[in-house]
1. With free of Cβ contacts under 8 Å to residues at least 24 places away in the same chain, surrounded by 13 or more Cβ atoms within 10 Å (Cβ to Cβ), on the phi < 0 side of the Ramachandran plot and touching a helix residue (DSSP H, G or I) at 6+ places or on another chain (Cβ under 6 Å) as the only criterion, which of 488, 503 stands out?
2. Only one of these is surrounded by fewer than 23 Cβ atoms within 10 Å (Cβ to Cβ) and more than 28 Å from the chain's Cα centre (by Cα): 433, 443. Name it.
3. Which one of these does residue 199 not meet: (1) assigned to a helix (DSSP H, G or I); (2) at pLDDT below 85; (3) touching a strand residue (DSSP E or B) at 6+ places or on another chain (Cβ under 8 Å)?
4. Within the range 112-132, is there a residue that is surrounded by fewer than 18 Cβ atoms within 10 Å (Cβ to Cβ), at pLDDT 95 or above, touching a helix residue (DSSP H, G or I) at 6+ places or on another chain (Cβ under 8 Å) and part of a helix (DSSP H, G or I)?
5. Filter the range 327-347 down to the residues that are in a loop (DSSP other than H, G, I, E, B) and under 27 Å from the mean Cα position of the chain (by Cα) and list them by number.
6. Which residue out of 65, 1 is touching a helix residue (DSSP H, G or I) at 6+ places or on another chain (Cβ under 8 Å), in contact (Cβ under 8 Å) with a residue 60 or more places away in the chain and part of a loop (DSSP other than H, G, I, E, B)?
7. Residue 337: within 30 Å of residue 505 (Cα to Cα) and buried (at least 22 other Cβ atoms within 10 Å of the Cβ), yes or no?
8. Test residue 446 against the criterion of being within 27 Å of residue 27 (Cα to Cα) and either at pLDDT 90 or above or in contact with a strand residue (DSSP E or B) (Cβ under 9 Å, 6 or more places away or on another chain) (or both), and give yes or no.
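The values are calculated or read from the model by the stated rules, or taken from the named source; none is laboratory data. Values in this document were obtained by computation on a predicted structure and should not be read as measured data. We place every Cβ from the backbone using ideal geometry, glycine too, and count neighbours over all the protein chains shown.
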C-alpha cells in the first residue's frame, strides 16, 4: 500500500533533483528555510497570538524538507495536489501533529524489534526469525488500527484528494473483517512468540500453552494421510513448577492414562512436538506474508511524507511570526511571471523583520534585466523570485499576496562568488566553468537567475561575455532573469529591443529618489548609465570628509 501524499500516483523517489543543488541552496539561502522547517513556533497557552520561543530542532523535519524541496514537481496538477493536502493540514493541525507522532511511534517500536537488523535475525527457518515476523505482524495490525482510528476521528475536516483517498484505502485494505481475522490468527499463535511466563495480576503466574488440531484420513493398514490443519489456539494456564509435587503427580497419572501422552523434555517425542509447533506456525505466518509485504514500506513513507507537511506548517508559523502574507501560487504557462508584494522569505527569517515587497508583471518575456543603484535591493529581488519558484515547484505557499509562474524543473542560479582558497583558478575562470556546466543541462523548460555574473573582469570584457551567453540562452528557449552592473551589456540589449512590445525583454531598475534614498522596489526603467555609487560614498563619509586646498 502507498501513502501517496506527495504524488497522486506514486511514492517518493530521489530522482529528478535540481542540477547543482548545492549552488541553488547557497545562492538562495535555502538552508535557512530548512532550519526553520525543523523548529516549532511556541505560543503562549493563554494568548495564542503571542509567540514566546522556538521549539527544539527536529533533524528529521529539516532533512525531509531539504530532500523534498530539491525535487521539483513538473505538472500543475501535481502542485495543486500538494497544496490541497497542505491546506487540510493547516486547517487541522492537530490531525497532522498526531499523524506525525503516531508514525514516529510506530517506527520507534519497529526499531526496538530490530527493523534495521531485520534481515539478520537468522535463517528463515529459525525460531528467532519466526518470532520476529510474528511480532512484526502484531505491530502492523495494532499500528493500522491506530491510523484508522486517527483518520476516523478527523474525517469530517479532511477535504483534499490525497488524505481522503488515503483514508479510503486504509478502510479497504485493512477492513474490519481483515483486522478481526488477523487478530484471531495472532491470538492462536501467541504461544510461539510470547515469553514462556508472564505476570498476571500480583501473585498469579500464567503460561501460554499451544493447542494444535490436525485432521487426517486413514488408509490401508491404518496409515495416516492427507494431513491438514484444523485449528491452532493458545491456552493460558496457571504455571506450575515441573519439580513440584503436584506437577509430578500429574505426570504420573498422565503416563497411566491411555488416551494421553506425557512428553518429557529432551526426548525424541518432545523434539518432534517442537518441530510440529514450528512448522505449523511457519505455515500460518507464510500465509500472512502478503499482508506484511503490502505494508512493509508504508509506515516509513507515511512518516516521511507527514514530516514534509509538518515542516511546511512550521514555515507558515514563521511567516505569521513576522507578519508575512502568503498565498498558494498558481502554476501557469511558461510565459507567465507575475506577482504582487513578493517578499524575500529568507531575509525575513534571518533579519527578524518584514521585508519590502515587489509587484511585477513580466508576462511573455524571456529575458529580464535589472539594473540600478547599488544597495538598492536588486539581488534581494532576484532571490525572492528564486525562493518563490522553488517553493511553488514543491507544492508550498510563497511569501506574496499573489504569484503566478511557469513550471521550470530545470532551474539554475549563477551568482557571483567571493574568491577564496577553495578556488583552483581565478574568479572569471570559476564563473565560466559553472556557466559551462549549466549550459550542458539547459533546455526549453529551463530558467536561470544571473546575479552579477561576469563582473569579476573589466566592464568591457564582462559585457561582451554576458551578451554572448545571454543571447545564446534566450535563443535556446531559456528564461533568463539577470541582475547586472555591466551597463554596456544592458544598454546594448535595450537598444536592440527598442520600443518593440514583442521583443521578449523587460527592463527594471532599483528605485531611487531624487535625494538618493533607496526604496528597495523595482520599477520599469531603461538601463541607467550609473549605479550611483557616490550616494553610498556620501552616506558613509558625509560631512566627515574635508577637502583642503591651498
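1. Working: 488 fails: free of Cβ contacts under 8 Å to residues at least 24 places away in the same chain.
Answer to the check: 503.
2. Numbers: 443 fails: more than 28 Å from the chain's Cα centre (by Cα).
433 is the lone residue from the list that is surrounded by fewer than 23 Cβ atoms within 10 Å (Cβ to Cβ) and more than 28 Å from the chain's Cα centre (by Cα).
3. The failed condition is (1).
4. no
5. Of the residues in the range 327-347, the ones in a loop (DSSP other than H, G, I, E, B) are 328-329, 332-336, 343-344.
If the condition is that a residue be in a loop (DSSP other than H, G, I, E, B) and under 27 Å from the mean Cα position of the chain (by Cα), then 328, 329, 332, 333, 334, 343, 344 are the ones that fit.
6. Values: 65 fails: part of a loop (DSSP other than H, G, I, E, B).
Sole residue among the options that is touching a helix residue (DSSP H, G or I) at 6+ places or on another chain (Cβ under 8 Å), in contact (Cβ under 8 Å) with a residue 60 or more places away in the chain and part of a loop (DSSP other than H, G, I, E, B): 1.
7. Criteria met by residue 337.
8. Working: within 27 Å of residue 27 (Cα to Cα): yes; either at pLDDT 90 or above or in contact with a strand residue (DSSP E or B) (Cβ under 9 Å, 6 or more places away or on another chain) (or both): yes.
So residue 446 passes the test.
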